[in-house]
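Worksheet for the structure shown next.
Read the figures in this text as sums done on the coordinates, not as results from a lab. Note that the structure is a prediction, hence the values are computed from the model and not measured. Here the Cβ is made from the backbone with ideal geometry for all residues, glycine too, and neighbour counts use every protein chain on show.
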């Protein structure tokens, strides 16, 4: 049986109203037409407690075992809690999570966020990342859609499907991080990933909360590199000594100005906000601040209620 046919037959089995274990499927939260997605996500009802939960069900046997292992290893107030995991009769992993009200993308899409609220979300995100990184784990897919928020505005880092235990000797796939949040070293071919990958993504998230649209929106790896250079300027070996060692530098020409348009890209942010974002999206991953260093930044020392521009709806840039 080919892979597409296998996916199709398994997807058909997951009908709304049917039970997976003790959970009745109520609403499909993923696109069922995307048969090459690794999993399907449903809102479901626990038949024992009648509470609403989220089910993440792998499309094929034995997928997702690493995610279950990592989630069982983690326990933190700013990380999603795995309530239960089990296997279906055809050996697919099922993960059961608490249901959260929204993700960060839904929140900023619905309304502009006050800077103090952005500060709160970023502190929670960085505390969660600090804990994850202390466990020697790299999330590798930090983006607003994977950051869930409950009714008390408490953020949880979710979707550990691409997470890995950190090992500098193990090559990792460049497609790990969603394109718009993928750090420049991965775009340029780095296969050894560090926790700095998550810090870059977190910086992109913070900028996005102010802008209400992504900081870098590329349609391809090359387009992404150009978008980054347009905002941050062209990297040099002075600021990134190992730049020319990256595989893609053999065939990629970094065109662009040495000047930066960074402040113009996030006109809504205060000076302290801009400074902390700068330290998250430094070109050289070894020079990016760690989550612990970022939590000690002046940005978190007082309420960040000031903005350089009072409008929350500035025109899109770049």
Quick note on 211, 66, ordering by fewest other C-beta atoms within 10 Å, gives 66, 211
Ordering 103-109, 278-284, 138-144 by per-residue average of other C-beta atoms within 10 angstrom, highest first, gives 138-144, 278-284, 103-109
Descending packing, highest mean Cβ count within 10 Å first, for 181-190, 39-48, 246-255 is 181-190, 39-48, 246-255
Output row, site residue 101, 7 Å Cα→C-beta label point, backbone N cut-off 11 Å, window segment 122-162, residues 149-155
What the 5 Å binned alpha carbon P(r) of segment 102-300 shows, as percent of pairs per bin from 0, is 1, 8, 16, 22, 22, 17, 10, 4, 1, 0
With a Förster distance of 41 angstrom and the Cβ-Cβ distance between residue 18 and residue 77, calculated FRET efficiency to the nearest 0.05 equals 0.75
Taking Cα pairs closer than 8 Å and at least 6 residues apart, the relative contact order of segment 102-300 in percent is 23
